[in-house]
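Worksheet for the structure shown next.
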Amino acid sequence: MKRTKLYLNLVFLCTMLVSKAFAQDIKVDLGPEEIGLNETFSIKITISDEKIKSYDQFPEIPGFQKQGISQSSSMNVINGQMSSTNSIVQYYRPTKKGQFVLPDFTLQINGQPVSAQGMTIMVTDASQNQQSQRSRDPFDDFFGRTEQEPQEFVEIDDEAFFSMNVNKDEIYLGEGFNVSLAFYMSASNQAPFDFYEPGKQLEEIVKKIKPTSAWEENFNITNIQPERVTIDGKNWTRFKVYEATFYPFNEGEIELPQVAWEMIKYKVAKNPTFFGNNRQQDFKTFYAPAKTVRVKPLPPHPLKNEVSVGVFRLRENFKTKKVETGEGVTYDFGIAGEGNISAIKAPRKMDMSKLNTYDPNERQQINRGRGRVTGIKQFEYYITVNEPGEVDLNDHFEWIYFNTDRETYDTLRPQAVLEVVGESKINQSISSTRLGGIYDLIELEDNKLLNQRYKYYFSTFINILLVGAVILLAVLIMKKR
């Protein structure tokens with residue numbers, strides 16, 4: 001008897017597994033073609049023998065407004081076989097009378113595309129029976145719930161807010177200020193939230209807050225991740241949705257306006273049931289207050305319109321280098337620190353009569369994180385020296401910038417020294433150098449004594465002399481007579 005019972009249990013388990021593996025089915029049901037202005041239209045997705053783990057946003061319908069989403073599930077055991085269905089329903093409320101078209105659409109349900117054919121919906125005058133069968137959820141009377149006992153949903157108080165944080169309210173021209181947008185929930189918050197089209201919302205917000213005349217270093221947040229933070233001794237979960245550092249080009253005030261952020265906030269069932277719909281989708285909009293950043297001018301300096309602004313240090317690839325006269329050496333003038341790395345210009349060159357060098361190769365690396373933009377920009381010079389001796393590179397290169405920590409101008413100068421040994425190559429350098437100017441014309445000029453270009457002018461001059469001589473001779477003859 002026990003063996004028989006065990007055998008039947010094994011058969012039942014196998015049957016359930018086979019049923020789950022092969023009986024999966026997804027179905028889309030649309031509401032009626034005609035509804036009253038006070039009724040609701042619905043799109044219902046039903047999946048057999050599997051839970052609804054993920055789904056896309058339901059399509060928009062012109063002339064309708066989304067009202068919320070409900071979920072339902074059921075389970076049956078018939079002849080030892082268990083089957084289940086799970087449904088999700090999106091409700092739409094018409095905003096006006098008329099004829100509206102729901103186009104064909106495709107939804108991703110549990111990662112599987114489900115296509116549905118659209119339809120035309122006619123919205124007529126308000127119906128006298130607002131609780132008509134057409135607008136009623138068929139799962140409402142499952143397990144005892146009837147039309148006379150509708151499920152009631154209530155809103156839970158939340159401890160949440162949306163914030164726009166600016167790390168500085170006053171900066172120098174060219175100095176960066178960091179802006180971040182984040183949604184915060186208290187660790188004790190009980191209200192259920194979900195994000196609603198964050199990419200689309202963020203695109204509109206950035207258009208409003210991004211300064212028109214500033215360089216942007218975007219931190220490129222692609223995944224919204226929860227972070228545990230403490231504010232005034234209280235624990236919060238932060239969901240950062242945007243972060244960037246801006247470097248303004250003009251003086252004055254930068255106004256960052258108030259921005260809104262919409263979240264899906266679910267209402268919960270007042271009397272929850274085991275199989276019924278226990279929450280209802282709703283929306284709540286949070287507002288982040290406006291911010292103002294004052295951009296003040298740099299102190300007077302001949303190069304105030306050209307220098308970089310930030311905190312920087314010099315990084316070189318050697319301190320002392322021994323080279324032969326006429327041989328080349330590579331020298332890296334690296335500027336590292338915090339600031340607008342992209343805008344850093346090459347150092348100034350001074351008294352280059354002893355050095356032979358060319359325009360440098362440039363490389364840069366920018367790091368964005370923890371509210372800061374840091375990095376390094378390297379200028380690689382190829383240098384040759386033709387006279388032996390010690391060459392201090394600080395006599396030949398310098399980089400001037402405005403130090404925001406000290407609030408004064410500062411200069412980075414090399415510490416590197418070249419020890420040049422060997423015989424002087426200055427004469428070889430002169431002989432191998434193009435003299436330019438008039439010497440370049442030697443190869444181009446005609447080797448004849450008189451160039452053809454001057455024949456016309458020479459002939460004209462001779463003719464004028466001859467005419468003058470004839471006139472003078474005629475005058476003398478007339479005087480003698």
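Values quoted throughout were computed directly from the atomic coordinates according to the rules given, and no laboratory measurement underlies them. Because the structure is predicted, anything quoted here is derived from the model rather than measured. Cβ coordinates were reconstructed from backbone atoms using ideal geometry, including for glycine residues, and neighbour counts include every protein chain displayed.
Counting other Cβ atoms within 10 Å, which GluC sites (Glu not before Pro) in segment 378-426 have at most 10 and lie in a DSSP loop?
Qualifying residues, ordered by number: Glu407.
May I ask you to order 35-44, 221-230 by the average number of other C-beta atoms within 10 Å around their residues, highest value first? Kindly include the intermediate steps, with their values, before the conclusion.
Values: 35-44: 20.1, 221-230: 10.3.
Result, highest mean Cβ count within 10 Å first: 35-44, 221-230.
Less than 16 Å from a label point 7 Å out along the Cα-to-Cβ axis of Leu30: which backbone N atoms in segment 100-119 qualify, by residue?
Once the point is set 7 Å along Cα→Cβ of Leu30, 100-107, 114-119 turn out to lie under 16 Å by backbone N, inside segment 100-119.
What is the calculated FRET efficiency for Gln99 to Lys207, with r their C-beta to C-beta distance and R₀ = 45 Å, to the nearest 0.05? List each step's numbers first, then the result.
Numbers: r = 35 Å, r/R0 = 0.77.
The calculated FRET efficiency here is 0.80.
For Asn165 and Val229, compute 0.36 nm times the residue count separating them, minus their Cα-Cα distance, and round to one decimal in nm.
My answer for the length gained is 21.6 nm.
Please work out how much length the chain gains when fully extended from Lys354 to Leu37, using 0.36 nm per residue of separation minus the C-alpha to C-alpha distance, in nm with one decimal.
105.2 nm
Mind giving me the nanometre distance, one decimal, between the label points for Arg294 and Glu216, set 7 Å out from Cα along Cα→Cβ?
2.7 nm
Fully extended, how many nm does the chain gain between Asn250 and Leu465 (0.36 nm per residue separation, minus their Cα-Cα distance)?
Full extension from Asn250 to Leu465 adds 70.4 nm.
Would you please state the base-10 log of I(q)/I(0) at q = 0.13, 0.14, 0.17, 0.19 1/Å for segment 242-362, with intensities from the Debye formula using one equal scatterer on every alpha carbon?
Normalising to I(0) and taking log10 leaves -0.82, -0.89, -1.08, -1.20.
With θ taken as phi - 60° and the coefficients 6.51, -1.76 and 1.60, list the Karplus ³J(HN,Hα) couplings across segment 243-255 in order, rounded to whole Hz; mark glycine and proline as x.
7, 7, 10, 10, 10, x, 9, 10, 7, x, 10, 9, 9
Need the C-alpha centroid separation for segment 172-245 versus segment 377-425, integer Å.
That distance is 43 Å.
Hey, fewest Cβ within 10 Å first, where do Leu473, Leu314 land in order?
Least to most surrounded, the residues fall as Leu473, Leu314.
Provide Phe246, Phe286 in ascending order of the number of other Cβ atoms located within 10 Å of each residue's Cβ, fewest first.
So the ranking, lowest neighbour count to highest, is Phe286, Phe246.
So which chymotrypsin sites (Phe, Trp or Tyr not before Pro) in segment 304-369 pass both tests, a DSSP loop state and at most 12 other Cβ atoms within 10 Å of the Cβ?
Tyr358
What ranking of Leu412, Leu30, Leu476 emerges when the number of other C-beta atoms within 10 Å of each C-beta is taken as an exposure proxy, fewest first?
On the way: Leu412 19, Leu30 15, Leu476 8.
With the fewest neighbours first, Leu412, Leu30, Leu476 line up as Leu476, Leu30, Leu412.
In nm, to one decimal, how far is the Asp282 label point from the Glu306 one, both placed 7 Å along Cα→Cβ?
6.4 nm
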